[in-house]
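Working notes, beginning with the structure itself.
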Amino acid sequence: MILGAGFGGLELATRLSEDLADEVEVTLIDQSDSFVFGFTKLDVLFGRRNLEDVRLPYRDIVKPSVEFRQETVLSIDPERKRVVTSGGEYEAEILVVALGADLAPEATPGLVESGYEFYSPQGAARAREALATFDGGAVVIAVLGGFFKCPPAPYESAFMLHDFLTQRGMRDACTIHLVTPMPKPIPVSDDVSNAILGLLDDRNIEHSHASWVTSLDPVAKVAHLEDGRALPFDLFLAVPVHRAPAVVVEAGLTEDGWVPVDAATFATRFPDVYAVGDVTSAPVPRAGVIAEGEASTVADVLLASIGGGPAPAPFPGEVICYIEMGGDTIGKVDVNFLSGPAPTARFTPPSLESAAEKREFAASRRRRWFGHE
Ligand SMILES: Cc1cc2nc3c(=O)[nH]c(=O)nc-3n(C[C@H](O)[C@H](O)[C@H](O)COP(=O)(O)OP(=O)(O)OC[C@H]3O[C@@H](n4cnc5c(N)ncnc54)[C@H](O)[C@@H]3O)c2cc1C
C-alpha cells in the first residue's frame, strides 16, 4: 500500500509496476482526484496557466498491478500495517507513507485574514485573483517556517513577480521585500546563493535573511518580525508553516514533527513500513526530485527483498534542481547531498536551454506516470 500519490507515491507505484508487476498488488491512495506539479503552482499564481490545465487526473493511471483509489487516509496502525480510509479498511504487507507535508496558514496569526499562501493549488489560484486586482504598493513575500518545500521557490516567485509587475507597467509603483529564516538562498552552494542575491539586487528586490515573521496585523496591514521590525504591506504572499499530516503524527510515526527514516533504505522503525518525501526528516531538502529519488530507492529495496536481487545502493542524494530566474530563463544546480562528507553543488547560470530541459523534465513524468504523450 502506498499512501499518497505525489512525487514519491507516483514514482514508487511506477517502479513497482515496471519491475515487480507479477509479484505485487499495489494500492495507491490519495485524497485528491489529480496531481499538480509544485512548480506549476507558480504558473497559476502569475496567470501563465489555469489550475484546470495543470491538473493531472489520477484516473489516467493505467499500470499493471496498480490500483488507484481516491480516498482519505483516516488512521494508520504501523504495528499491524492497518489503514483506515474514507473508503474502507486495509491490511498491507508492506506500507509506504508518502503523504507529503500539510500547510498550516493558521499557524501564523493574521495570515488567513490578511495574506495569501501560494503553496497549495487553491492558494495559488486565490493569490492570482488578488494579484489581478492589485494596483501597486508594498509586496512582502515571506517564508514562515524553517522547513519548507523547494528552497528556491520563494526566490522564483520574487523574480516572476518582478517580471509580472514590469510587464504591466507597475513595477515602479511597487516595492518587493522577501523575508526568510534561511541564512542564505541555497545553503549548499555559495555560487547559486550569490547569483540569486545578485539578481535580487539587480531587480531592486529587498531581502531579509535569517528573519522570522511572527504575525500579521490585518487592520494596520503590517507584518511583525521577531527582530522587532514592522513591515507594512499591501499584498502579503506566504510560504506557510509546513507540518506532517495529522494522521501521520497520530499514528506515532513522527519524532520532532517528521518521520525518522533510515537514510539508506527509508525504512521506519516499524518493520515493513517505509516513508519517503516531504513527510520524512531525512537530511535533504524537501523537493519533488528528492521524493522521487527516495521512492526509487525504496523500489530497489523491495526489489531486493521480494525479487531476491542484490542489496541496493543507498540513496545517493543526487538531484538536478531547476530555478526560475526571471525573463523565462532557468538556472540549474546539480546537487549531491549525501555521497561525500559534505553536500556539493554545481551551478549552471540561467539560460533558455535549461528552461527547455525543465519542460522535458515535466513532460517525461507526465508520460511515465500518467501515460500522457
Ligand atoms: C511552489 C512550489 C514549487 C516547487 N517547485 C519544485 C521544483 O521545481 N522541483 C522540485 O523537485 N520540487 C518542487 N517543489 C516541491 C515538491 O512539490 C514537493 O517537495 C513534492 O511534491 C514532495 O513529494 P511527496 O511525494 O513527498 O509529497 P506530495 O507530492 O505533496 O504528495 C503527497 C500526497 O499525499 C496526499 N495526502 C495527504 N494527506 C492525505 C490523506 N490524509 N489521505 C489521502 N491522501 C493524502 C496529498 O493529496 C498529496 O497528493 C515545489 C513546491 C511548491 C509548493
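Residue-wise test of (1) over 26 Å from residue 159 (Cβ atoms); (2) of a type outside the set (Val, Ile, Thr).
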site	(1), (2)
276	yes, no
312	yes, yes
347	no, yes
367	yes, yes
Restricted to the stretch 67-95 and to residues being touching a Leu at 6+ places or on another chain (Cβ under 6 Å) and within 22 Å of residue 15 (Cβ to Cβ), the residue surrounded by the fewest Cβ atoms within 10 Å (Cβ to Cβ) is 81
Kindly indicate whether any position in the stretch 322-342 is under 19 Å from the mean Cα position of the chain (by Cα) and under 28 Å from residue 63 (Cβ atoms). yes
Residue 165 meets each of (1) in contact with a strand residue (DSSP E or B) (Cβ under 8 Å, 6 or more places away or on another chain); (2) away from the ligand (no atom under 16 Å from the Cβ); (3) part of a loop (DSSP other than H, G, I, E, B) with one exception, condition (3)
If I filter the stretch 264-276 for residues that are surrounded by 15 or more Cβ atoms within 10 Å (Cβ to Cβ) and touching a Cys at 6+ places or on another chain (Cβ under 6 Å), do I get at least one hit? no
Inside the stretch 119-146, can you point out the residues that are in contact with a Pro (Cβ under 9 Å, 6 or more places away or on another chain) and either in the same structural domain as residue 23 (by TED's automatic domain parsing) or in a loop (DSSP other than H, G, I, E, B) (or both)? 119, 120, 144, 145, 146
In the set 16, 20, 95, the lone residue that is aliphatic (A, V, I, L, M), at pLDDT below 95 and more than 10 Å from the ligand (Cβ to nearest atom) is 20
Set 213, 284, 273: member being within 15 Å of the ligand (Cβ to nearest atom) and touching a strand residue (DSSP E or B) at 6+ places or on another chain (Cβ under 9 Å): 284
Of 292, 318, which residue is at pLDDT 95 or above and either closer than 22 Å to residue 21 by Cβ or within 16 Å of the ligand (Cβ to nearest atom) (or both)? 292
Matching residues in the stretch 24-63 - criterion: being of a type in the set (Lys, Arg), surrounded by fewer than 17 Cβ atoms within 10 Å (Cβ to Cβ) and over 23 Å from residue 355 (Cβ atoms): 59
Identity of the residue in the stretch 36-78, near the ligand (Cβ under 10 Å from one of its atoms) and of a type in the set (Phe, Trp, Tyr), that ends up nearest to residue 95 (Cα to Cα): 58
Can you find even one residue in the stretch 297-311 that is within 17 Å of the chain's Cα centre (by Cα) and either modelled with pLDDT of 95 or more or within 11 Å of the ligand (Cβ to nearest atom) (or both)? no
Mind listing whichever residues of the stretch 282-324 are assigned to a loop (DSSP other than H, G, I, E, B), surrounded by fewer than 23 Cβ atoms within 10 Å (Cβ to Cβ) and aliphatic (A, V, I, L, M)? 284, 287, 311, 313
Does any residue of the stretch 36-47 turn out to be over 20 Å from residue 373 (Cα atoms), among the charged types (D, E, K, R) and touching a residue at least 40 places away in the same chain (Cβ under 8 Å)? yes
Starting from the stretch 50-62, take each residue that is closer than 24 Å to residue 15 by Cβ and of a type in the set (Lys, Arg) and list its partners that are at pLDDT 95 or above and assigned to a strand (DSSP E or B), counting only C-beta distances under 9 angstrom and pairs at least six apart or across chains. 55/34; 55/35; 59/34; 59/68; 59/70
Can you pull out every residue in the stretch 23-35 that is more than 11 Å from the ligand (Cβ to nearest atom) and either aromatic (Phe, Trp, Tyr) or touching a residue at least 60 places away in the same chain (Cβ under 8 Å) (or both)? 23, 24, 27
What strands (runs of 3 or more DSSP E) lie completely within the stretch 185-280 and have 3 or more residues being among the hydrophobic types (A, V, I, L, M, F, W, C) and closer than 30 Å to residue 349 by Cα? 235-239
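The values are calculated or read from the model by the stated rules, or taken from the named source; none is laboratory data. Every value quoted in this text rests on a predicted model; they were computed, and no experiment measured them. No Cβ is skipped: glycine too gets one built from the backbone with ideal geometry, and neighbour counts run over all protein chains shown.
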